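The values are calculated or read from the model by the stated rules, or taken from the named source; none is laboratory data. Predicted model only: the values in this text are computed from it and were never measured. Glycine gets a Cβ as well: all are built from the backbone with ideal geometry, and neighbour counts include every protein chain shown. Ligands, DNA and RNA are stripped out before the accessible areas are found, and what is left, the full protein with its side chains, is counted by its heavy atoms. Shrake-Rupley method; radii C 1.70, N 1.55, O 1.52, S 1.80 Å.
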Amino acid sequence: KTYYEKANLILLICFLLLALVLIPGLGKIRNGSRSWFGIGGFGIQPSEFAKIGLIIYVSKYLANNQKQILDIKKGVLPILLVIGVFFLLIMLEPDFGTAMVIVLTLTSILFISGVKLSFFVKIGIVGLLGIVGLIVVAPYRMLRIVSFLNPWVDPLGSGYQIIQSLYAIGSGGLFGAGLGESKQKYLYIPEPHNDFIFSIIAEELGFVGCILVFVLFAVFIWRGVLIAMKAPDMFG
């Protein structure tokens, strides 16, 4: 109930934070993206709040406009404009990954809410063309995709972290080196505490630890689906 009542305010706060972080001096640049507020030794990323804020707002909108969403122009386009504004703000940082996560998440919510399937076919084609355009405009994104498929193309550059993570996973074996005994996390993998934490788990806990992570994700998804199915209303 609280989230429902405060949905508009939450969205406004998220919008203001995303706008403020783009201002030089307020937003801090990390890894080439101005997407953080630095507060002492801590960093706050407004786009993470925007993920939740948009889910709350879009859920409220769809719950209040269940009949209108069958009409693309009157029901769906208004919420797409809101999503588009946030997408643009995050792309200005730039943070392509987070922007795509938000779009895919909200598109999933639209699909579940009952928007016509033909709409997703059309928007899928437009979205694919848009992604190609964004890659062409910034060639480094294509380099990341190529490095993901074959990190040995640039082993000391864009493929470095992937290669080092593969070393970590490969050295883990069946039971791993032991909790806290990873060697790759010491300056070999640049971001071992976030994007590549799985490779550290594999090195320290081995194949068994990897299976445990998969099981936990499966339980998490299963419980989420159960909670959604038992929600008392469309917003929930």
Options E48, E93: the member that is at pLDDT 90 or above and either charged (D, E, K, R) or at positive phi (or both): E48
All positions within the stretch 114-154 that are among the hydrophobic types (A, V, I, L, M, F, W, C), surrounded by 11 or more Cβ atoms within 10 Å (Cβ to Cβ) and under 30 Å from Y61 (Cβ atoms): V115, F119, F120, I123, I131, V132, L134
Subset of the stretch 165-200 that is in contact with a Ser or Thr (Cβ under 9 Å, 6 or more places away or on another chain) and among the hydrophobic types (A, V, I, L, M, F, W, C) - its residue that is most open to solvent (accessible area, probe 1.4 Å): L166
Residue among L216, L187, L212, L166 that is at pLDDT below 95 and in a helix (DSSP H, G or I): L166
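Confirm whether P24 is surrounded by 14 or more Cβ atoms within 10 Å (Cβ to Cβ) and free of Cβ contacts under 8 Å to residues at least 40 places away in the same chain. Outline the logic, then answer.
Working: surrounded by 14 or more Cβ atoms within 10 Å (Cβ to Cβ): no; free of Cβ contacts under 8 Å to residues at least 40 places away in the same chain: yes.
In short, no.
Do we find that N8 is over 30 Å from G236 (Cα atoms), polar (S, T, N, Q) and either at pLDDT 90 or above or out of contact with any helix residue (DSSP H, G or I) (no Cβ under 8 Å at 6 or more places or on another chain) (or both) in this structure? Reasoning before the result, please.
Numbers: over 30 Å from G236 (Cα atoms): no; polar (S, T, N, Q): yes; either at pLDDT 90 or above or out of contact with any helix residue (DSSP H, G or I) (no Cβ under 8 Å at 6 or more places or on another chain) (or both): yes.
So N8 fails the test.
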Cross-chain or 6+ apart pairs with Cβ under 6 Å, the stretch 103-125 first and under 20 Å from L88 (Cβ atoms), then among the polar types (S, T, N, Q): none
Of residues in the stretch 1-14 being in contact (Cβ under 8 Å) with a residue 24 or more places away in the chain and either among the acidic types (D, E) or surrounded by 18 or more Cβ atoms within 10 Å (Cβ to Cβ) (or both), the one farthest from F87 (Cα to Cα): A7
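Within the stretch 219-235, track down each residue that is touching a residue at least 12 places away in the same chain (Cβ under 8 Å) and either assigned to a helix (DSSP H, G or I) or surrounded by 10 or more Cβ atoms within 10 Å (Cβ to Cβ) (or both). Quick ask: steps written out before the conclusion?
Kept after step one, since they are touching a residue at least 12 places away in the same chain (Cβ under 8 Å), are these residues of the stretch 219-235: 233-235.
Of everything in the stretch 219-235, those that are touching a residue at least 12 places away in the same chain (Cβ under 8 Å) and either assigned to a helix (DSSP H, G or I) or surrounded by 10 or more Cβ atoms within 10 Å (Cβ to Cβ) (or both) turn out to be M234, F235.
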